[in-house]
Amino acid sequence: MTASRKLLSILIPAYNEQEVLGALRTRLESTAAELPELDFEFVFIDDGSKDGTAETVRGFCDEDPRYVLVELSRNFGKEPALAAGFDAVRGDATVVIDADLQDPPELIPEMVRLWELGYDDVYARRTSRAGESWVKRATSRLYYRMLERVARVEIQKDVGDFRLLDRRCIDALREITESQRNTKGLFSWIGYRKVEIEYERDARAAGTTKWNYPRLLNLALEGLTSFTTAPLRIASLLGTVVSAAAFVYLAVIVGRTLFSDYHLAGYPSTMAVILFLGGTQLLALGVVGEYLARVFVEVKQRPVYLVRRVTGRSIEAAAMPH
Ligand code: UDP
Ligand code: MG
């Protein structure tokens, strides 16, 4: 009996990546040629690109039946694009890879080898991050250290989305219908057998990064509020401590006024207390607001992404949002 051939999906979210697609195709196809025992499908998610990304990939689809293009109705961001990809891939395993060639496709055979040994999630840890400023590296290191401390899931440091996921991981990720997603946290959350490989992260082959600080800050806050309610706890603890201290202070003042002839000129201390309490209240309110905002967005139950068009596969066969 011959074992049936396995299908490996390569999932590539792409937003304005026109310049790099030719080089990406060459490297993906030579990697695929190294693994003749597997069938491949290259699933591109065009995340509302404004350049010729969709047209270029559509061209690939015309020439080679292994290519699939899912065009989203607008730019949703990388996380929703990945969600669209998880719904679209059909492989026994899926490799998530950035379009900009920062993740070397040459690592895929090594990932496949580990997958065949029985691992479900083979993730790549980068040992260097060429072309990224030290500010970006330092802030990302600090952030993940903090998140790991307060959240209950283990967050892998220096690990991006570049990884091979077994079918069961993809199915697990599809069960998660949160609309504000932090995919990296979700990879940890689902669990399964994980193994790490190391690589040097290259600088982008072409084009520019789609991230900027406001976007990163947003991702950071999303990660924090979707994985931990610790800030709520801190807000209530802070409230308790401050009120307890204020109560003690009040008792002291009353005692002193009644039992001694000590009379306080109250302005500075009153100001200090009012400002302090006002500040803490605003902070705590803000924290509550952050979580309420998440609830607000989630209860609307909007789809995570919308598909405009699928090329390279019949529409019925392509998985649509649940
Ligand atoms: N990306 C996307 N939608 C976006 C932003 C980015 O699909 O709104 C894709 C992008 O095309 C690339 C990957 O996500 O394939 C990573 O983006 P980028 O290289 O800009 O991020 P960085 O490597 O700087 O973290
Ligand atoms: Mg990049």
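The values are calculated or read from the model by the stated rules, or taken from the named source; none is laboratory data. For clarity, every value in this text was computed on a predicted model and none was experimentally measured. Quick reminder, even Gly has a Cβ in these numbers, built from the backbone with ideal geometry, and neighbours come from all protein chains shown.
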(message) Given the condition assigned to a helix (DSSP H, G or I) and modelled with pLDDT of 80 or more, answer yes or no: does some residue in the range 219-233 qualify?
(response) no
(message) Given the criteria of a type in the set (Lys, Arg) and surrounded by 13 or more Cβ atoms within 10 Å (Cβ to Cβ), does Arg256 qualify?
(response) yes
(message) Tyr267 - would you say it is of a type in the set (Ser, Thr, Tyr) and modelled with pLDDT under 80?
(response) yes
(message) Here's a check for you: in the range 282-317, which residue that is in a helix (DSSP H, G or I) and in contact with a helix residue (DSSP H, G or I) (Cβ under 8 Å, 6 or more places away or on another chain) is surrounded by the most Cβ atoms within 10 Å (Cβ to Cβ)?
(response) Val287
(request) Say whether the condition of being surrounded by fewer than 18 Cβ atoms within 10 Å (Cβ to Cβ) and either in contact with an Asp or Glu (Cβ under 9 Å, 6 or more places away or on another chain) or in a strand (DSSP E or B) (or both) is met by at least one residue in the range 6-14. (result) yes
(message) I'd like to know if the range 122-129 contains one or more residues that are more than 16 Å from Glu41 (Cα to Cα), modelled with pLDDT of 90 or more and away from ligand 1 (no atom under 16 Å from the Cβ).
(response) yes
(request) Mind checking which helices (runs of 4 or more DSSP H) fall wholly inside the range 30-124 and carry at least 2 residues that are within 23 Å of the chain's Cα centre (by Cα) and touching a residue at least 24 places away in the same chain (Cβ under 8 Å)? (result) 78-88, 108-116
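So that you can scan it fast, the table gives a plain yes or no per residue for (1) part of a loop (DSSP other than H, G, I, E, B); (2) touching a residue at least 60 places away in the same chain (Cβ under 8 Å):
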| position | (1), (2) |
| --- | --- |
| Gly160 | no, yes |
| Arg163 | no, yes |
| Leu173 | no, yes |
| Glu178 | yes, yes |
| Gly185 | no, no |
| Trp189 | no, no |
| Glu198 | no, yes |
(request) Give the range 220-244 a look and list any residue that's in contact (Cβ under 8 Å) with a residue 40 or more places away in the chain and either among the hydroxyl-bearing types (Ser, Thr, Tyr) or under 30 Å from Asp103 (Cα atoms) (or both), or say none. (result) Ala220, Leu221, Glu222, Gly223, Leu224, Thr225, Ser226, Phe227, Thr228, Thr229, Ser236
